[in-house]
Amino acid sequence: MKTLFPLFAVITLIVLVVAGVQYANMQFLFGVIIPYLAVATFVAGLIYRVMKWASSPVPFRIPTTCGQELSLPWIKQDKLESPSGTLGVIGRMALEVLLFRSLFRNIKLDMREGPRIAYGSDKWLWLSGLAFHWSFLIILIRHFRLFAIQLPYPIHVIESLDSFLQIGVPMLYITDVVILAAVTYLFIRRITNPLVRYISLPADYFPLFLILAVAGSGVLMRYFTKVDVVGVKQLTMGLISFRPVVPQGIGIIFYIHLFLISVLFAYFPFSKLVHMAGVFLSPTRNMANNNRMVRHVNPWDYPVHVHTYEEYENDFREKMKSVGIPVEKE
Amino acid sequence: MYDSGKIITGLLVFVAIVSFPFVYSRGTNIVKPEPKIDTPVIQQMAVKQCVQPRAFMRAEHMQLLNDWRDSVVRDGNRVYVGFGGKQYNMSLQNTCMHCHSNKKEFCDSCHNFMSVKPYCWDCHIAPKENKS
């Protein structure tokens with residue numbers, strides 16, 4: 001059920017756009033209005049989420065125990081795992097964001113004969129996660145081709161590196177293969193590993209199916225069922241320059257692709273996918289471990305009225321003296 | 001809001017990245033490319049017909065050229081049986097460009113609009129009109 005519900009949700013989305021474009025002729029809705037709304041929701045939603053996070057106070061630096069913090073001069077500090085300054089934090093964040101350092105530490109628990117517990121390194125999640133995210137980024141950057149007539153030079157470089165193998169025409173992009181393989185692996189991992197399957201929710205499966213459908217429809221459109229690419233570019237250029245046009249006869253598969261990616265963009269800020277922004281606000285990663293050097297005042301400290309001993313003695317001096325309790329001030 | 005300096009800087013970077021394509025392509029004049037087929041050779045043809053029907057050529061010409069290259073270079077076979085059983089010499093420079101001698105107005109008009117750079121002319125010699 002947890003798997004089937006999101007699957008049918010994606011199928012329903014596809015049926016919706018096919019019905020809307022093929023039979024109800026709502027090209028303008030699916031080709032112009034929904035993409036605009038989706039991008040606006042994406043930007044506004046993401047800003048809203050980040051502002052909401054930023055309004056929660058973070059009371060303490062949270063040192064994680066995976067590295068030696070700055071200590072005595074003869075104890076070597078682990079500068080990337082337990083940084084004490086801004087530069088080290090930038091290094092740790094870069095490793096986390098670009099190379100998924102914490103996933104690299106992923107281990108697998110194994111019950112051996114005995115019974116005996118063994119922990120082994122498990123790099124497959126890290127590898128497929130990294131492959132998936134980088135492919136997605138490169139594919140996103142490549143799509144800039146649809147939104148500019150004169151392409152900046154770096155985009156050409158990325159494109160030619162991605163199609164470096166020169167297989168077939170249109171040339172096969174390596175990232176197209178990698179993203180499909182990686183997402184498929186991530187899905188299979190979810191349903192075959194009993195522990196991961198137990199904690200998986202529809203909110204985990206839905207983005208997987210949606211991304212698989214987006215990538216699948218894109219691959220289908222590029223290599224197999226051709227669409228009118230000139231019409232597609234007219235539409236995308238119209239969107240980007242705020243002069244929307246809807247050419248006729250583009251092909252239904254393009255509208256499926258566009259609608260699914262619009263759904264992904266609109267869904268993004270309100271789902272787990274918002275970890276794209278959230279990773280930058282990970283408290284255990286983005287704060288220097290300088291608890292012993294800098295005094296951190298808890299920002300939500302309630303202003304407590306302190307009654308000092310001096311005030312106490314002032315209040316009760318005579319009574320204390322009369323029963324023989326020593327006082328500091330006569 | 002806590003750490004407002006860093007948060008706002010981050011959000012500004014995000015908004016800048018998202019709005020980059022809009023700024024980059026602002027006010028672009030979108031002219032639908034119309035590849036021209038009014039070359040002297042085509043005008044003299046009684047039946048204006050390419051090696052395959054127009055719809056096929058529009059969608060699959062790159063695949064066709066790729067197949068031609070493989071056939072000529074790997075198998076040494078230069079004979080192509082086209083639409084209506086007519087035989088053609090498989091050659092980009094001698095067959096395709098014989099009729100479509102206007103590379104700039106034919107090939108390039110769509111390719112430039114689509115920002116694609118086919119690698120045909122890495123090896124082949126482009127028609128003379130292009131050299132000026």
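The values are calculated or read from the model by the stated rules, or taken from the named source; none is laboratory data. These figures come from a predicted structure and were not determined experimentally. Here the Cβ is made from the backbone with ideal geometry for all residues, glycine too, and neighbour counts use every protein chain on show. Accessible surface is based on the protein model in full, side chains and every heavy atom, while ligands, DNA and RNA are left aside. Shrake-Rupley method; radii C 1.70, N 1.55, O 1.52, S 1.80 Å.
Couple of notes before you dig in:
- Matching residues, region A:133-144, being crowded, with 18+ Cβ neighbours inside 10 Å and farther than 23 Å from A:Tyr185 by Cα: A:Phe144
- Residue match in region A:48-69 (condition: small (Gly, Ala, Ser) and touching a helix residue (DSSP H, G or I) at 6+ places or on another chain (Cβ under 6 Å)): yes
- For region A:197-237, the set of residues classified as of a type in the set (Ser, Thr, Tyr), within 14 Å of chain B (Cβ to nearest Cβ) and either open to solvent by 40 Å² or more (accessible area, probe 1.4 Å) or out of contact with any Phe, Trp or Tyr (no Cβ under 7 Å at 6 or more places or on another chain) (or both) consists of A:Tyr223, A:Thr225, listed by residue number.
- Filtered residues of region A:149-164 (kept if of a type outside the set (S, T, N, Q) and under 25 Å from B:Met57 (Cα atoms)): A:Ile149, A:Glu159
- Of the helices (runs of 4 or more DSSP H) lying entirely inside region A:239-330, those carrying at least 3 residues that are loosely packed, with under 10 Cβ neighbours inside 10 Å and free of Cβ contacts under 8 Å to residues at least 60 places away in the same chain are A:309-322.
- Failed criterion for A:Ser102 (all others in (1) away from chain B (no Cβ under 14 Å); (2) at pLDDT 95 or above hold): (2)
- The set of residues from region B:15-41 being assigned to a helix (DSSP H, G or I), among the β-branched types (Val, Ile, Thr) and either more than 9 Å from chain A (Cβ to nearest Cβ) or within 30 Å of B:Thr95 (Cβ to Cβ) (or both) comprises B:Ile17, B:Val23, B:Val41.
- Near pairs, Cβ below 9 angstrom, 6+ apart or cross-chain, from region B:52-66 (at the interface with chain A (Cβ under 10 Å from one of its Cβ atoms) and under 16 Å from B:Ser91 (Cα atoms)) to any residue that is open to solvent by less than 80 Å² (accessible area, probe 1.4 Å) and of a type in the set (Gly, Ala, Ser): B:Gln63/A:Gly168; B:Asn66/A:Gly168
- The set of residues from region A:102-132 being open to solvent by less than 80 Å² (accessible area, probe 1.4 Å) and within 30 Å of A:His156 (Cβ to Cβ) comprises A:Ser128, A:Gly129, A:Leu130, A:Ala131, A:Phe132.
- Residue that is in contact (Cβ under 8 Å) with a residue 12 or more places away in the chain, charged (D, E, K, R) and open to solvent by less than 40 Å² (accessible area, probe 1.4 Å), where the choices are B:Lys103, B:Lys36: B:Lys103
Rundown of residues vs (1) small (Gly, Ala, Ser); (2) touching a Gly at 6+ places or on another chain (Cβ under 7 Å); (3) at pLDDT 95 or above, yes/no style:
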site	(1), (2), (3)
A:Gly45	yes, no, yes
A:Val58	no, no, no
A:Pro73	no, no, no
A:Lys76	no, no, no
A:Thr86	no, no, no
A:Leu95	no, no, no
A:Asn106	no, no, no
A:Gly120	yes, no, no
A:His133	no, no, yes
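- Test result for B:Val72, assigned to a loop (DSSP other than H, G, I, E, B), within 25 Å of the chain's Cα centre (by Cα), modelled with pLDDT of 90 or more and surrounded by 14 or more Cβ atoms within 10 Å (Cβ to Cβ): no
- Top-ranked residue of region A:145-159 - restricted to ones that are farther than 23 Å from B:Lys32 by Cβ and in contact (Cβ under 8 Å) with a residue 12 or more places away in the chain, ranked as farthest from the other protein chains (Cβ to nearest Cβ): A:Ile158
- Any hit, region A:33-50, residues being closer than 30 Å to A:Val263 by Cβ, in contact with an Asp or Glu (Cβ under 9 Å, 6 or more places away or on another chain), within 14 Å of chain B (Cβ to nearest Cβ) and open to solvent by less than 30 Å² (accessible area, probe 1.4 Å): no
- Scanning region A:165-192 for residues that are open to solvent by 60 Å² or more (accessible area, probe 1.4 Å), more than 14 Å from every other protein chain (Cβ to nearest Cβ) and among the polar types (S, T, N, Q) turns up just one, A:Thr192.
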